[in-house]
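Participant: Encoded as structure tokens, here's the structure I'll be asking about.
The values are calculated or read from the model by the stated rules, or taken from the named source; none is laboratory data. Small disclaimer: the values here were computed from a predicted structure and weren't measured. Quick reminder, even Gly has a Cβ in these numbers, built from the backbone with ideal geometry, and neighbours come from all protein chains shown. What goes into the accessible areas is simple: the full protein's heavy atoms, side chains included, and nothing from ligands, DNA or RNA. Shrake-Rupley method; radii C 1.70, N 1.55, O 1.52, S 1.80 Å.
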Amino acid sequence: MDAFIRFTNQTQGRDRLFRATQYTCMLLRYLLEPKADNEKVVMKLKKLESSVSTGRKWFRIGNVVHAVQATQQSIRAADLVPRVCLTLASLNRVIYFICDTVLFVRSTGLTSGINKEKWRRWAARCYYYSLLLNLVRDLYEVSLQMKQVAHDRAKREKSPFQDPLGYSVADEETEWLQSLLLLLFHSLKRHPPLFLDTVKNFCDILNPLDQLGIYKSNPGIIGLGGLVSSIAGIIIVAYPQMKLKTQ
């Protein structure tokens, strides 16, 4: 109970719970819409999704400051690739939160001289670039982990002619793919924060891909991806040691 209280006392924790609720509603609405006798339930889910989405916008106010702080931290990263990727990703995130704040002000009716679609496209584009750069960083970290796993296994092998994975890999493409996937599995297994961060960014990018028309999806896939991403985010907030550190 104490852990739950600490989690909900955090702004990020409450946002993750609201986000999980929002995408759960989206997923359930997509699954129930084809059935005519579920119209009332679908409408309730739609209203709840809209209310939760509005509530999340309040939590995101002030996130520009956190994004700027993240930019300052990423500049100090020792490795060049994470430093460039994370810095550019954080800068795009700063612009995204600015656009998101402008859209929120527009939705409250405080001003009407804002092109909603234009700002929404800008927000989606910056969010997409931020996630894409984070995924590039994740793939870079995965490649380093794979090299380390292969190196460690090679050192444990008695014969220098044996494969690092413990069996002979022939020239066939299928065996090469199996070897690569097994190496990837062991790399992510030994580094849970990297696994969570990769899954989170991959699931998150489905939404801007759909909004920008790069890869059209449906509310069911977006809802499922958002729910999985939210669960990963909840784990990261609840257990700070699961957050992928910047070297």
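Participant: Multiplying the sequence separation of Thr108 and Arg190 by 0.36 nm and subtracting their Cα-Cα distance, what value in nm do you get?
Facilitator: Contour length minus the Cα-Cα distance gives 24.9 nm.
Participant: Who wins for biggest fluctuation among Gly226, Gly213, Gly13 in a Gaussian network model of the chain, springs between alpha carbons below 10 Å?
Facilitator: Its mean-square fluctuation being the largest, the pick is Gly213.
Participant: Further, regarding this structure: So if we plug the beta-carbon distance of Met242 and Gln10 into 1/(1 + (r/R0)^6) with R0 = 25 Å, what FRET efficiency do we get, rounded to 0.05?
Facilitator: 0.95
Participant: Quick one: among Leu224, Leu32, Leu131, which has the greatest mean-square fluctuation in a GNM of the chain with alpha-carbon springs under 10 angstrom?
Facilitator: Leu32
Participant: Given the DSSP H assignment, sum -39500 (n - 2.57) over each helix run of at least 4 residues in the chain and divide by its residue total; what's the result at 222 nm in deg cm²/dmol, nearest 500?
Facilitator: -26500 deg cm²/dmol
Participant: So, one more: For Ser51 and Met146, what does the FRET efficiency come to when R0 = 41 Å and r is the distance between their Cβ atoms, rounded to the nearest 0.05?
Facilitator: My answer for the efficiency is 0.40.
Participant: Contact order normalised by length for the chain, with contacts defined as Cα pairs under 8 Å and 6 or more residues apart; what percent is it?
Facilitator: 25
Participant: In addition: Among the listed pairs Lys216/Lys243; Lys200/Lys245; Lys189/Lys243; Lys57/Lys118; Lys155/Lys189; Lys57/Lys116, which are separated by more than 21 Å between their Cα atoms?
Facilitator: Lys216/Lys243
Participant: Relative to 2.2 N^0.38 Å, what does the C-alpha radius of gyration of the chain come to as a ratio? Two decimals please.
Facilitator: 1.19
Participant: On the protein heavy atoms, probe 1.4 angstrom, tell me the percent of accessible surface of the chain carried by carbon and sulfur.
Facilitator: Result for the chain: 61 percent of the exposed heavy-atom area is carbon or sulfur.
Participant: Still on this structure: Just the Cα atoms of region 72-114: what Rg and Dmax do they give in Å?
Facilitator: 15.3, 46
Participant: For the chain, with every protein chain kept in place, what is the accessible area per residue (1.4 Å probe, Å²)?
Facilitator: 62
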